[in-house]
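The values are calculated or read from the model by the stated rules, or taken from the named source; none is laboratory data. As the structure is a computational prediction, the values presented were derived from the model and not from experiment. Ideal geometry is used to build each Cβ from the backbone, glycine not excepted, and the neighbour counts take in all protein chains shown. For the accessible areas, the whole protein counts, side chains as well, though only heavy atoms, and no ligand, DNA or RNA atoms are used. Shrake-Rupley method; radii C 1.70, N 1.55, O 1.52, S 1.80 Å.
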Amino acid sequence: MGRSGYTCVRHTFCSINVLLWLMGCGVLGVGVWLHLAHGGYASLAPQFAVASADAILITAGVVAFVVAFFGCCGAWFQSRCMLITYFSLVVFMFLVEFLLATVAFVFRESLGRTLRDELKYGIEHHYNDSQSAPNGLHHIWNHIHNEFHCCGVNNYEDWYDINAWSGEKFVPNSCCLEIYRNITDCGQSGNPDEWYSKGCAEQVQMWFVQRLHVVGTVGLVVAFIQLFGLISSMLLFCTVRHRRSTPTYKSYDHTH
C-alpha cells in the first residue's frame, strides 16, 4: 500500500472508530438511565429479564466501547496486537449476529408464543396496581396501553383474575377508551365495550413491521461498518508488518 493510501485508510479507520466509541458511550449512558428510571421493563417478561431493553443497550454500549477502543488505538499507535484483537472481535460479533438472526428466523413462531406467555405470566404474577411504584409494571403497562391504544397481551381478558384483583374481571384504567377516561375506575366497570379490544402484542408487531425499512437501513449501515473494519484492520495489520520489516520503519509517523 502506498504512503498516501496507508495514511488515508489509517485516518479514516481511526475517525470511524472514534465516532463508534462516542456512540458506544451514548448507548451505554441511555441503557444505564433506562435501567435506573424505567427498570420495570425487565419484569414485563421475568424469564427474559436479561434481554430487556436496558440490558441490551448496556451490553451493546460496552461492546461498542471495547471494540472501538481497540480499533482506534490499534490504528493510531500502529499496534498489530490491537488490530488483530479488533479483527477477531468484529468477526465474533458478525458470527453472533448471524447466529441470532438465523435462530430468530427459524424459530420465530415459537419465540413469539413464548414471549407472549412470558408477558402474560408477568401480568398475572408481578403486576402491582399501586400508583406509588412509578418504575413498576403499573407505570410500564399504562404507557404501553396509552401509546398503542391496546389492552393486555392478546386482549383485555389477560387482565382477568390476576393476583392484583383475584376473582375479578377488571382491567387497568389505561385500557379504557379515551371517551370513557373521565369515568372513575372505568377499568372496573365490567363492560368490555369501554376498553380497547386489540391486544398489545398485535399492535407492537404492526408498529415494528411498519418500520422494517428503518431496521433494514440500520442493519445495512452496521454491516458496512463491520465489513470496512475487517478489511481496513487487515490492511493496516499487513502494512504495519511490512513497514516494521523495512529499515526506515518508525513506530509513529509524526509527519503523517
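One table, with the values for the structure above:
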quantity	calculated
Amide H contacts of Ile183 (H built 1.01 Å from N, under 5 Å, at least 5 apart or other chain)	none
Surface share of carbon and sulfur [accessible, 1.4 angstrom probe, percent] for segment 80-121	75
Residues His125 and Leu177, FRET efficiency given R0 of 41 Å [Cβ-Cβ distance, rounded to 0.05]	0.90
Simple spin-label estimate for Val222 and Ala60 in nanometres, 7 Å along Cα-Cβ	0.6
Two-site FRET efficiency, Asn146 against Trp76, from Cβ-Cβ distance with R₀ of 41 Å, rounded to 0.05	0.25
Potential lengthening between Asp117 and Met206 on full extension [0.36 nm per residue; Cα-Cα distance subtracted]	30.1 nm
FRET efficiency, 1/(1 + (r/R0)^6) with R0 25 Å, evaluated for Ile231 and Phe98 via beta carbons	0.90
